[in-house]
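The values are calculated or read from the model by the stated rules, or taken from the named source; none is laboratory data. For clarity, every value in this text was computed on a predicted model and none was experimentally measured. Cβ: placed from backbone, ideal geometry, glycine included. Neighbour counts: every protein chain shown. Keep in mind that these areas ignore ligands, DNA and RNA; they rest on the heavy atoms of the full protein, side chains included. Shrake-Rupley method; radii C 1.70, N 1.55, O 1.52, S 1.80 Å.
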Amino acid sequence: MSDIPGARDELHRLGGILRTQLVELITALTPAADLRLLFLNDPTVADWSEPPRYHYSVVFRGERPAGVTAAALAEHAASLLGSGGWAVTTSERIAGEQRRLVVAGSREGIGIEIRTGENNSGVMYEAATPALVLETSDFQRPDPVRTSETVTPGYVLCYECDGLGWCPECGGRGWLAGPDGKRRRCPECNSERVCPICRGGGELAISQLQPFQRDFYPELRRAPE
């Protein structure tokens, strides 16, 4: 993997916009909230495709101040977002007996959603930046740890990986790209990355081979133990 020029800086810039706006919203709408619990320090994987995509995202809960209605808080939230240059929509969601007012803001692909209702004092903030690819996919299979020239005397190259040492199916990555481009656990090594037979050694001791394993080596089938 190698970094895409400017991609990390752009994601950091978007994360800064998101954090600044959230701090303003939380401070104004739910002032008793502890901002130390607003974890937006590092991007996380949004999509395990190949290559993966990263974003800044957060879910945060505050408490609506006593005497402030849900409608008033939603109106205040929409005003704050609008004055900050965000495109704002306000909607209502009903699930069972729960009625929630939802204020959503978008800017440069960043999304912020604030949910509040009269049934309880909780105010939920959910936000995320766009998901960006930060690294190019330039994987190359590693060199084998053993070859026919470097195999230890009394050993043979592993019949499963032929001396690679790493899992021959995933090449040591621990994952495979599925038909949809998303990463999935490598079934051969169970994401442990090393060859499941030689456990990374690339070779096997002849004296410890099982009879069925000897069948992989024609030169050993009639050889004495």
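The table below gives the values:
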quantity: Rounded to whole Hz, the Karplus (6.51, -1.76, 1.60) HN-Hα couplings of segment 59-72, x for glycine and proline; calculated: 10, 9, 10, x, 10, 5, x, 4, x, 9, 6, 4, 5, 5
quantity: Neighbourhood net charge (11 Å Cβ-Cβ; Lys/Arg +1, Asp/Glu -1) for Cys186; calculated: +2
quantity: Phi to ³J(HN,Hα) by Karplus 6.51 cos²θ - 1.76 cosθ + 1.60 over segment 129-136, Hz, x for Gly, Pro; calculated: 7, x, 8, 10, 7, 9, 9, 7
quantity: For segment 157-164, Karplus couplings with θ = phi - 60° (6.51, -1.76, 1.60), whole Hz, Gly/Pro x; calculated: 4, 4, 5, 7, 10, 6, x, 4
quantity: Amide H within-cut-off set for Glu108, under 5 Å, with H built and near neighbours excluded; calculated: none
quantity: Amide H contacts under 5 Å for Ala46, placed H, 5+ residues apart; calculated: Arg53, Tyr54, His55
quantity: Separation of the Glu219 and Leu37 label points, Cα + 7 Å toward Cβ, nm; calculated: 6.7 nm
quantity: Over the chain, relative contact order from alpha-carbon pairs under 8 Å, at least 6 apart, %; calculated: 18 percent
quantity: Coil-residue GluC sites (Glu not before Pro) of segment 126-176, DSSP, other Cβ within 10 Å capped at 11; calculated: Glu149
quantity: Of all accessible heavy-atom area on segment 27-175, the percent that carbon and sulfur account for (1.4 Å); calculated: 51 percent
quantity: Per residue value of the accessible surface for the chain (all protein chains in place, 1.4 Å probe), Å²; calculated: 57 Å²
quantity: Residues whose placed amide H lies under 5 Å from that of Gly122, excluding near-sequence neighbours; calculated: Arg64
quantity: Arg53 paired with His76, simple spin-label distance in nm, labels 7 Å along Cα-to-beta-carbon; calculated: 3.5 nm
quantity: Using a Förster distance of 35 Å, the FRET efficiency for Arg185-Tyr159 (Cβ separation, nearest 0.05); calculated: 0.90
quantity: Helix axis angle, 7-29 relative to the chain longest principal axis, alpha carbon, degrees; calculated: 40 degrees
quantity: Given (1) 1, 6, 11, 12, 10, 9, 8, 7, 7, 6, 5, 5, 4, 4, 3, 2, 0, 0; (2) 1, 7, 15, 20, 21, 18, 11, 5, 2, 0, 0; (3) 1, 7, 14, 17, 18, 16, 12, 7, 5, 2, 1, 0, 0, the label whose value is P(r) over Cα pairs in 5 Å bins from 0, in percent derived from this model; calculated: (1)
quantity: Label point 7 Å beyond Cα of Ala66 along Cβ direction - residues of segment 1-39 with amide nitrogen under 19 Å; calculated: 29-34
quantity: Charge sum, other residues only, whose C-beta stays under 13 Å from His76's C-beta, Lys/Arg counted +1 and Asp/Glu -1; calculated: -1
quantity: Relative contact order of segment 109-225, pairs being alpha-carbon contacts under 8 Å that are 6 or more residues apart, as %; calculated: 21 percent
quantity: Thr44-Glu24 pseudo-label distance in nm [points 7 Å out on the Cα-to-Cβ vector]; calculated: 2.5 nm
